[in-house]
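The values are calculated or read from the model by the stated rules, or taken from the named source; none is laboratory data. Here the structure is a predicted model, which means the values were calculated and not measured. Cβ: placed from backbone, ideal geometry, glycine included. Neighbour counts: every protein chain shown. Remember, those area values only see protein heavy atoms, side chains included, never the ligands or the DNA or RNA. Shrake-Rupley method; radii C 1.70, N 1.55, O 1.52, S 1.80 Å.
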4 protein chains.
Amino acid sequence: MTEMTGFFYPRTATGKSSLLPPPPWYYSGDLLTVEYRTDPANVARLLPAPLQPADEDPGAVALIWADWQSCGSGGDELLDPVRAQYSECFVVVRCTFSGVTYSRCLFIWVDTDFALARGLVQGYPKKLGSIHQTRPHPFGRAAPRIAPGGVFAGTLSAGGRRLAQAVVTLREEAPANGFVNAHPMAHHRWMPSVEKGAPDALSELISSGSAGFEAGQAWRGDAALELFESPTEELADLEVNEIIGGYFRQVGVTWDGGSVLSSGS
Amino acid sequence: MTEMTGFFYPRTATGKSSLLPPPPWYYSGDLLTVEYRTDPANVARLLPAPLQPADEDPGAVALIWADWQSCGSGGDELLDPVRAQYSECFVVVRCTFSGVTYSRCLFIWVDTDFALARGLVQGYPKKLGSIHQTRPHPFGRAAPRIAPGGVFAGTLSAGGRRLAQAVVTLREEAPANGFVNAHPMAHHRWMPSVEKGAPDALSELISSGSAGFEAGQAWRGDAALELFESPTEELADLEVNEIIGGYFRQVGVTWDGGSVLSSGS
Amino acid sequence: MTEMTGFFYPRTATGKSSLLPPPPWYYSGDLLTVEYRTDPANVARLLPAPLQPADEDPGAVALIWADWQSCGSGGDELLDPVRAQYSECFVVVRCTFSGVTYSRCLFIWVDTDFALARGLVQGYPKKLGSIHQTRPHPFGRAAPRIAPGGVFAGTLSAGGRRLAQAVVTLREEAPANGFVNAHPMAHHRWMPSVEKGAPDALSELISSGSAGFEAGQAWRGDAALELFESPTEELADLEVNEIIGGYFRQVGVTWDGGSVLSSGS
Amino acid sequence: MTEMTGFFYPRTATGKSSLLPPPPWYYSGDLLTVEYRTDPANVARLLPAPLQPADEDPGAVALIWADWQSCGSGGDELLDPVRAQYSECFVVVRCTFSGVTYSRCLFIWVDTDFALARGLVQGYPKKLGSIHQTRPHPFGRAAPRIAPGGVFAGTLSAGGRRLAQAVVTLREEAPANGFVNAHPMAHHRWMPSVEKGAPDALSELISSGSAGFEAGQAWRGDAALELFESPTEELADLEVNEIIGGYFRQVGVTWDGGSVLSSGS
């Protein structure tokens, strides 16, 4: 019988059909972030055991828009950019496990299948959505500059409903583009059993972070953020009590796998 | 800490955000099928151990378009049909395992996230695509009737490239809409480890079939089928040597889980 | 020089590239209608001179979802259904001109370019949107039957915002699927001048109706309708004061041109 | 009766619903251009009277990808970027009228309704398509830099078929990003009559150009270009005989109307 290859399905003798190349995965893109505080109980309610709320500022939340190009080590995707470009919007909080602070993505929306499948590997609970983010550009009146006064908006919709919208006005250079998404991620990878009533076929707590990172100057500014109800989402339950700040930064990231923290249900 | 619920991710205290409700899953839709023969070696090359080619007609292939509405047991999706409607196109062959004949989906494209996620549970290797299928309608000149002479077309594109197109002209009533997709499915469920170089975190051979099925009259007719090359697909390698037939049928299906045939790499 | 042909642009020597074939245009599809009353002033505000509000029931409004296949006289679109299928949602009121009662479409959303371009010819003020409508199907639990108790929903979104949603529960057979959209249409065709400050290059009041019509049994039932605000739309200003009824009907329609009622600004 | 306002349809008392704001329209974006020579007869065949082929290099063609943000004078679109961002791919040739050389767009695809509607005003024969263009980015391995060796790809699909793909490798700074699209545009604005057999309701030859322009350094490099057949397109008939060059440039453009060169059929 044939030996099947391919990092992700569909696996074939050649691996050519695989929805994903093996890591490392490379990303170049722009991050628009709004950090805010919600009632810490809202965060705690979304942290499954054995995760604990962060010791400091346990109600801190980051809602992040990212406008990406990505590729595997061959880089072929960049020559057929429908396979490289995607947008995402995701909400991150912090938590602790075994005395270590982690970042954790609670909800995330992307607009391509390859990004959704990478989420399965990385433990990001990805759905499809419609995500837009104002792009900076050096010329003309139809784009902000990356400079004081530059105005950047992010919007998120899914299923034909607006879920979130933010506006960030850059004010000054900053040491970083926020603190909530600054730790290694602690994510669950769950796959239900195909058998009714059986426990999950896969249930792991994993951790991963960047294998490489470079970035431009981070910017900080004023931010406005609105979250909207939807019958299939709980994003709006992370109510905005107090805006911490808005941020913009251009980054280049490498992801090259993670490690299993604990396994089994 | 909070008990998380929800059949699929994202899991929360309420389960409201889950991309999928728990099975049973209900489907109502139209199937357009073209069955043909390719070189049996083309099929064998895509069957991983321990699967063996079917004993009879091992080069038989079914390319199937399906225009679905689907829902969970609550049926809420039908009141917000963006959450219920999707199209798919998939290629099925037959194989044997432990002396039993199974159907097996080699490649499949859908156009929504919930359908893609269900594929992960059921072992269908789903990618996103753009799938269209002529709909029958009882009135006007812009639709075929389900009757002799009715002409139905199916098209499949992904990444902005046409991958397949078929035209079926109904000729007569038939006992079934093909034989290739008539067995329980034998699928692999694979999830790569998050750790580089480690074996798959999940590797199962599973089987599942319909928990319920009702259908209208099956129709048979003449069929034409073209497959096209793509740098990320191997569908066209299943070269069309001889058309067996084209079929159309309206069906209602229930899926309610399956069973694990073998587990571990 | 070359003689250009083609009903719509782009025009070429062959006409092959034209976004539209010449009429007649054929349509087969399902109509889901909710009729209701708004304050007649809301309707009058959207009727430009020389149109007058209808004499009877001047606040009657129909919001209609249509799930179409369409084609030109050659019917080639049905063999490549991405060129035939589209959905639309549109709002219709009645008005009078020269003593004759007309229907008039105030706002309309479609999801393909060919449908949008046909609107330019017919005077429908089409924008792109995301439109979904529950489909009837004879089998399975994931679709209503066209029968008492059948529940049909329609949703409309544009720019990632939900604009309207309706649910209709069929109760009984009815002589027609509403009365608001039952007259010839009176539409303006406007094209701004390319020169700043100049009057419209085209400004016509035209009328058109069906050149052919066949239909199944109309059904009537209970209806619920919600309209939502958007920064770029005025649909929600046609506030729902009183539901008249909900309707479902399958139809086949031919459109083959209209006539100019008055021309010039 | 109500006075209707709004630059484009739908026109209302407030103008809020108009698909387009009045000019000026502002654009910020990146242009990827491949210029090549086809048989001059291929160009002449697509120039309607009274246009004549260009005196010099009459077979020169530019295929241009543009990745835009755009807005009206209020700039609100930039705060809801789904209303500002779009991509386009268009083919331009040169022609003469009354002794003046013009550029002329023969075919163009965009991916939003507002861009399509602006085309109607400006005389661009726009259809919807799926257009992708590699984006430059200063960080990471998933994007080229705007520098020697930077590789940029453009792809165009419509109706689920690939129509064109290009790869440009930057080599050196250049005085301009091509010469074919460097003149004012000479476009026809045609609107068929609603009456069968009647002459066009609108038939104008118009001219327009940029009311404002700023740009970064233009780059020149090697280019590869492939055009593909489609049953509804004639782009591939503009066969590539000889590549002139590939170009990349970031620009800011203002469009503020044009003038009518000649009117009537």
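Brief remarks on what is shown
- Whichever residue in the stretch A:14-26 is over 20 Å from the mean Cα position of the chain (by Cα), within 24 Å of A:THR254 (Cα to Cα) and within 9 Å of another protein chain (Cβ to nearest Cβ) and, among such residues, is least open to solvent (accessible area, probe 1.4 Å): A:SER17
- Hey, A:SER87 under 17 Å from the mean Cα position of the chain (by Cα), within 11 Å of chain D (Cβ to nearest Cβ) and within 22 Å of A:LEU120 (Cβ to Cβ) or not: yes
- C:LEU120 vs. criteria within 13 Å of the chain's Cα centre (by Cα) and part of a helix (DSSP H, G or I): yes
- Taking each residue of the stretch D:148-165 that is more than 15 Å from B:ARG161 (Cβ to Cβ) and looking for partners that are among the charged types (D, E, K, R) and buried (at least 23 other Cβ atoms within 10 Å of the Cβ) with beta-carbon atoms closer than 6 Å, six or more apart or interchain, yields nothing.
- Taking strands (runs of 3 or more DSSP E) as the structural unit, those lying wholly within the stretch B:27-112 and holding at least 1 residues that are open to solvent by 30 Å² or more (accessible area, probe 1.4 Å) and under 27 Å from A:THR5 (Cα atoms) correspond to B:85-97, B:100-110.
- Yes/no for A:ALA166 being open to solvent by less than 10 Å² (accessible area, probe 1.4 Å) and away from every other protein chain (no Cβ under 11 Å): no
- Test: residue in the stretch B:1-13 that is under 20 Å from B:GLN122 (Cα atoms), of a type in the set (A, V, I, L, M), surrounded by fewer than 20 Cβ atoms within 10 Å (Cβ to Cβ) and out of contact with any Phe, Trp or Tyr (no Cβ under 9 Å at 6 or more places or on another chain): no
- C:ARG161 vs. criteria modelled with pLDDT of 95 or more, more than 29 Å from D:LEU128 (Cα to Cα) and open to solvent by 20 Å² or more (accessible area, probe 1.4 Å): no
- Taking the stretch A:241-260 as the range and being more than 7 Å from every other protein chain (Cβ to nearest Cβ) and among the hydrophobic types (A, V, I, L, M, F, W, C) as the test, the residues that pass are A:ILE243, A:ILE244, A:PHE248, A:TRP255.
- Filtering the stretch B:41-63 to residues that are out of contact with any helix residue (DSSP H, G or I) (no Cβ under 7 Å at 6 or more places or on another chain) and within 13 Å of chain A (Cβ to nearest Cβ) leaves B:ALA41, B:VAL43, B:ALA44, B:ARG45, B:LEU46, B:LEU47, B:PRO48, B:ALA49, B:PRO50, B:LEU51, B:GLN52.
- Qualifying residue in the stretch A:122-135 (condition: within 12 Å of chain D (Cβ to nearest Cβ), without any contact (Cβ under 8 Å) to a residue 40 or more places away in the chain, open to solvent by 20 Å² or more (accessible area, probe 1.4 Å) and out of contact with any Lys or Arg (no Cβ under 6 Å at 6 or more places or on another chain)): yes
- Taken residue by residue, the stretch D:64-82 has at least one member that is out of contact with any Lys or Arg (no Cβ under 7 Å at 6 or more places or on another chain), more than 14 Å from chain A (Cβ to nearest Cβ) and at pLDDT 95 or above.
- Test: residue in the stretch D:144-151 that is facing another protein chain (nearest Cβ under 9 Å) and in contact with a His (Cβ under 9 Å, 6 or more places away or on another chain): yes
- Of the strands (runs of 3 or more DSSP E) that lie entirely inside the stretch A:173-247, those containing 1 or more residues that are open to solvent by less than 20 Å² (accessible area, probe 1.4 Å) and β-branched (Val, Ile, Thr) span A:202-208.
- Every condition in (1) of a type outside the set (Lys, Arg); (2) under 19 Å from D:VAL82 (Cβ atoms); (3) touching a strand residue (DSSP E or B) at 6+ places or on another chain (Cβ under 6 Å) holds for A:PRO81 except the one numbered (2).
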